[in-house]
Number of protein chains: 4
Amino acid sequence: MKAVAEIQVVPIGVGVSVRAQVRRAQELIRESNLVVQEHSFGTNVEGDLEDILAVVARIHEVLHLEGTSRLSTAIKLGTRTDKEPDLASKLR
Amino acid sequence: MKAVAEIQVVPIGVGVSVRAQVRRAQELIRESNLVVQEHSFGTNVEGDLEDILAVVARIHEVLHLEGTSRLSTAIKLGTRTDKEPDLASKLR
Amino acid sequence: MKAVAEIQVVPIGVGVSVRAQVRRAQELIRESNLVVQEHSFGTNVEGDLEDILAVVARIHEVLHLEGTSRLSTAIKLGTRTDKEPDLASKLR
Amino acid sequence: MKAVAEIQVVPIGVGVSVRAQVRRAQELIRESNLVVQEHSFGTNVEGDLEDILAVVARIHEVLHLEGTSRLSTAIKLGTRTDKEPDLASKLR
């Protein structure tokens, strides 16, 4: 199933600046097969629902492995059957 | 990986009352192996990260199959490595 | 205007445990005139929209004054004109 | 207090397409004194916390007056005291 989503990763316990971990999450999202649009409150993606959920799981796995002890991620997920969901048409 | 999450499903295009679809989503969450706590802005769950993401995908699949044409789901996802994440300790 | 909302405060830069700041935020919400329901991913409130927005601003002011340097708050806000919005009916 | 925020308005009960109401909300945000960045999952804003909360209240008031019977808005709100929060630096 095709879906659009917004993924925002908030690392907790790494200090006031969370930039390094947020960049790493963005990198992992860009390595996926998803259409990617970064903005100041997260990364919007478009693609297969399974791929979107897989990249969310991967972010948590990789960031924990690399030393972040706590992660809080906010995801907005959109699907529809009347037409293919896509990021571009949500902006028109 | 163990995780805690909040899942809030908003059906769009079913009218002003979204109760039937929200109840169906809650039913699907209760059928999973997750610890479940329902509240007025979603359902909090505790369990394996894969199971949590699987139930999110299942809600979208089933509700679309049953006639809802558009779904917007908000998910908050928490994991940590310093201790097992659980819903109960977040309330203490 | 009457409204229902969920308020979740995430302090950043205070360490892996955020309990002290979350409790302080809950305390400030309880001091308001709102109906309050605490759960593991935030506090649900019911009351006047202005009072809800005022308590959000107050949380940011007070927590910063008391030493938290960064706050990320997630708010879900619901209003409707077909009937009075309330937390209880969202659970039925 | 200066703040950054993301505002996403979801009208409920207006049908599967929510474009007209979302555009109206964007228009109201652009009429404010805030720095505005629109994207596919909401509008990011930067400015005074009071102005941000005021525009949220205004969106609910105006959209209800203009006929939308139910609104669900998701807001992410960020403030910090170590430096001025701004949208641009969150992208670097």
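Coordinate-derived values only; no laboratory data. This one's a predicted model, so the numbers in the text were calculated from it and none came from an experiment. Cβ placement follows ideal geometry from the backbone for every residue including glycine, while neighbour counts extend to all protein chains displayed.
General remarks:
- Charged neighbours of residue A:32, selected by a Cβ distance under 9 Å, balance to 0 (K, R count +1; D, E count -1).
- Cβ-vector label at 7 Å, residue C:84, separations to other copies in nm: 4.3, 4.5, 4.9
- Sum of -39500 (n - 2.57) over DSSP H runs of 4+, divided by residues of the protein assembly as shown (222 nm, nearest 500): -10000 deg cm²/dmol
- Seen from residue A:87, the other residues with C-beta closer than 10 Å to its C-beta sum to a net charge of -2, counting Lys and Arg as +1 and Asp and Glu as -1.
- Rotational relation C to B, axis-closest Cβ in chain C, residue and distance rounded to whole Å: C:39, 2
- Net charge over other residues, Cβ less than 13 angstrom from the Cβ of residue A:72 (K, R count +1; D, E count -1): +4
- Most fluctuating residue given options D:49, D:77, D:65, as computed from a GNM of chain D linking Cα atoms under 10 Å: D:65
- FRET efficiency estimate (nearest 0.05) - Cβ-Cβ, residue C:84 to residue B:91, R0 30 angstrom: 0.60
- Ellipsoid equivalent to segment A:2-80 - semi-axes via the Cα gyration tensor, in Å: 21, 12, 10
- Comparing the protein assembly as shown with the 2.2 N^0.38 Å rule of thumb, its C-alpha radius of gyration ratio is 0.90 (two decimals).
- Contact order for chain D, expressed relative to its length and based on alpha carbon pairs under 8 Å spaced 6+ residues apart, stands at 46 percent.
- Net dipole in debye of chain D [+1 Lys, Arg Cβ; -1 Asp, Glu Cβ; about Cα centre; nearest 20]: 340
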